[in-house]
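Chemist: Quick one: the structure is below, and I'll ask about it shortly.
The values are calculated or read from the model by the stated rules, or taken from the named source; none is laboratory data. Only a predicted model underlies this, so the values are computations on that prediction, with no experimental measurement involved. All Cβ positions, even for glycine, are placed from backbone atoms using ideal geometry, and neighbour counts span all protein chains on display. Remember, those area values only see protein heavy atoms, side chains included, never the ligands or the DNA or RNA. Shrake-Rupley method; radii C 1.70, N 1.55, O 1.52, S 1.80 Å.
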Amino acid sequence: MREKINQIIFGHDTKSSKLFDIILLWVILISVVIVVLESVPSLNGRFANFFFYAEWTITILFTIEYLLRIWSSKTPFRYIFSFWGLVDLLSILPTYLELINFGFHYLLAIRIFRLLRVFRILKLVRFNREAQKLLLAMKGSGYKIAVFLMVVISIMVILGTLMYVIEGGENGFTSIPQSIYWAIVTVTTVGFGDIVPQTVLGKFLSSIAMIMGYAIIAVPTGIISVELAKNKSEDKVCEVCKHDNPDDAHYCNQCGLKF
């Protein structure tokens, strides 16, 4: 029984495992929609009881799923402390934490726990092959991106310091942190306009920062694209029915031929 449940929950090849994934997918989507709708005051006032019972029903289902994953896993502790294990725990923990209410000043913490339920949407990534490939690409390019971010932070500090020296407090650049904030907003091409350089030299430096922003956006895109190209694999084509199957498939989705 334990081995069969493991195949249903963690597997993707059998009909029962696919049915389990589809049902779980819909439950996750419904739970996220409930969290979003519950934050609307008018809806929460009219359907408070429905949201309450729906949330607890979904939480109990997720709790059963989480316990079954631990029980059926060949390495339970490895699953518990893995990324997906923590996501599964985070999907049920906020609802139980709401039961802990020591006084009025804890209501803000309870609201935070309620908002944490939206992290259930991370469980959707488990069912998306493209998302998994993107995660692998980001993991493979993590060191390069970290180095790139360090360079960007250094540039922001230099730009902010120069603008603080050039413009000064009379033009809104009252401190180096405030000037670094301006540099980040300008380089990311957001441009709130709450702090604007007034001198010719300041405007010239601002133009360089804006042009630099386009290059900064392009670099991480290229790094991740290279990793995606490395991780790209061709789909398996069935020799019998010529049907395209995912690269990690063990059986043809059309005729059932074993690869």
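Chemist: Extending each Cα 7 Å along its Cβ direction at residue 149 and residue 2, get the distance between those two points in nm, one decimal.
Modeler: In this crude label model, residue 149 to residue 2 measures out at 4.0 nm.
Chemist: Given a 1.4 Å probe and the protein chains all in place, what does the accessible area of residue 52 round to, in Å² to the nearest 10?
Modeler: Accessible surface of residue 52 is approximately 110 Å².
Chemist: For residue 236, which sequence-distant residues (separation of 5 or more, or a different chain) have an amide H within less than 5 Å of its own amide H, given hydrogens modelled in the peptide plane?
Modeler: Amide H neighbours of residue 236, under 5 Å, 5+ apart: 245, 247.
Chemist: Related question: Need one value: the accessible area of residue 223 in square angstrom, 1.4 angstrom probe, rounded to the nearest 10.
Modeler: The accessible area of residue 223 comes to roughly 30 Å².
Chemist: Could I ask something else about it? Filter the trypsin sites (Lys or Arg not before Pro) in the range 1-88 to those in DSSP coil with at most 12 other Cβ atoms within 10 Å of their Cβ, and list the result.
Modeler: Loop-located and lightly packed - 74.
Chemist: If I ignore ligands, DNA and RNA and count only protein heavy atoms, how much of residue 201 is accessible to a 1.4 Å probe, in Å² to the nearest 10?
Modeler: For residue 201, the solvent-accessible surface is approximately 100 Å².
Chemist: Taking Cα centroids, how far is the range 64-101 from the range 143-184 in Å?
Modeler: With the range 64-101 and the range 143-184 each reduced to a Cα centre, they are spaced 42 Å.
Chemist: Still on this structure: Can you flag which of 15/144; 4/133; 18/144; 18/133; 133/203; 15/236 are past 31 Å Cα-Cα?
Modeler: 15/144; 18/144; 133/203
Chemist: Between residue 19 and residue 57, what FRET efficiency follows from the Cβ-Cβ distance if R0 is 22 Å, with the result rounded to 0.05?
Modeler: Efficiency, rounded to the nearest 0.05: 0.65.
Chemist: Quick one: Karplus J couplings for the range 211-226, per residue in order, coefficients 6.51, -1.76, 1.60, θ = phi - 60°, nearest Hz, x for Gly and Pro?
Modeler: So the Karplus estimates, Gly and Pro as x, are 5, 4, x, 5, 5, 5, 5, 6, 4, x, 4, x, 4, 5, 4, 4 Hz.
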